[in-house]
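J.: Quick one: structure below, then a few questions.
The values are calculated or read from the model by the stated rules, or taken from the named source; none is laboratory data. Source: prediction; values computed, not measured. Note that each Cβ is placed from the backbone with ideal geometry, even for glycine, and that neighbours are counted across all protein chains shown. In case anyone asks, the SASA skips ligands and DNA or RNA and just uses the protein heavy atoms, side chains included. Shrake-Rupley method; radii C 1.70, N 1.55, O 1.52, S 1.80 Å.
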Amino acid sequence: MHGSKATSHGPNGRQGSDAEVADPALREVIERAASTQSPPPSWYRTMGHNPEVAKEFARYWDMLHRGGAVDHRIKELCRIQIAQMVGCEFCSKQSSPTAGITDEEKLSCAMPDWEHPDPRTRAALHYARTLTLDDGRDTEVYAELDERYTPSEVIELAAFFMLTMGGNRMAKSWSIEAHGETSSIPASARSVHT
């Protein structure tokens with residue numbers, strides 16, 4: 001898909017305008033999203049039609065994505081990989097500025113033969129692939145996780161990956177933002193659709 005024409009379509013989930021956001025706590029969530037960029041303000045403007053859900057999602061997302069024991073950079077690279085495998089343009093083009101993900105990592109993370117050089121990051125990427133693609137590698141992946149992560153960290157990764165997959169599918173269904181002229185997902189990336 002990378003370099004090819006992206007399919008464009010109108011949004012299925014309408015974003016509220018800033019003027020429509022009456023809840024001060026939701027307004028803070030949207031303002032914070034402008035700097036964290038993952039997810040961006042448009043995600044919370046769409047979710048903001050139910051302010052309580054949007055605020056609780058933001059709280060849980062921030063705890064799992066930016067908090068916890070597992071490094072934010074590892075979780076962000078896994079988030080990008082999952083977005084590419086699910087086929088969510090909106091999610092795959094985002095990048096958390098504080099994670100420091102390189103363009104090469106971003107374009108390579110879902111490629112079939114690419115392996116991250118860091119063993120801890122590699123184990124997390126393998127786990128994200130297995131959970132997303134249901135590729136039957138559970139025994140091998142859990143043995144690798146046991147070498148690199150505590151049981152508590154494995155739960156943290158699993159919860160983050162599941163929230164990420166669901167969020168990717170929601171964003172893809174909602175078509176929150178128009179897709180660009182070219183896809184942000186490499187053509188040979190692993191996919192749930194193949």
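J.: Restricting the search to region 40-96, which residues are outside any helix (DSSP H, G or I), touching a Ser or Thr at 6+ places or on another chain (Cβ under 8 Å), closer than 22 Å to GLU28 by Cα and not basic (Lys, Arg)?
T.: Selection gives GLN94, SER95, SER96.
J.: Give all pairs with beta carbons closer than 7 Å in which a residue from region 105-117 that is under 17 Å from SER92 (Cβ atoms) meets a residue that is among the aromatic types (Phe, Trp, Tyr); count only pairs at least 6 apart in sequence or on separate chains.
T.: That search, which allows pairs on different chains as well, returns SER108/TRP114.
J.: If ASP146 meets every condition in (1) touching a residue at least 12 places away in the same chain (Cβ under 8 Å); (2) open to solvent by 10 Å² or more (accessible area, probe 1.4 Å); (3) assigned to a helix (DSSP H, G or I) apart from one, which number is that one?
T.: (1)
J.: Turning to a different aspect of this structure: Any idea which of ALA54, ALA58, ALA34 is exposed (fewer than 13 other Cβ atoms within 10 Å of the Cβ), touching a helix residue (DSSP H, G or I) at 6+ places or on another chain (Cβ under 8 Å), at pLDDT 90 or above and of a type in the set (A, V, I, L, M)?
T.: ALA34
J.: Tally up the residues in region 107-123 that are buried (at least 20 other Cβ atoms within 10 Å of the Cβ) and either closer than 18 Å to VAL192 by Cα or in contact with a strand residue (DSSP E or B) (Cβ under 9 Å, 6 or more places away or on another chain) (or both), please.
T.: The qualifying residues number 2.
J.: Of the residues in region 65-81, how many are open to solvent by less than 10 Å² (accessible area, probe 1.4 Å), under 12 Å from the mean Cα position of the chain (by Cα) and of a type in the set (A, V, I, L, M)?
T.: Total meeting the criteria: 2.
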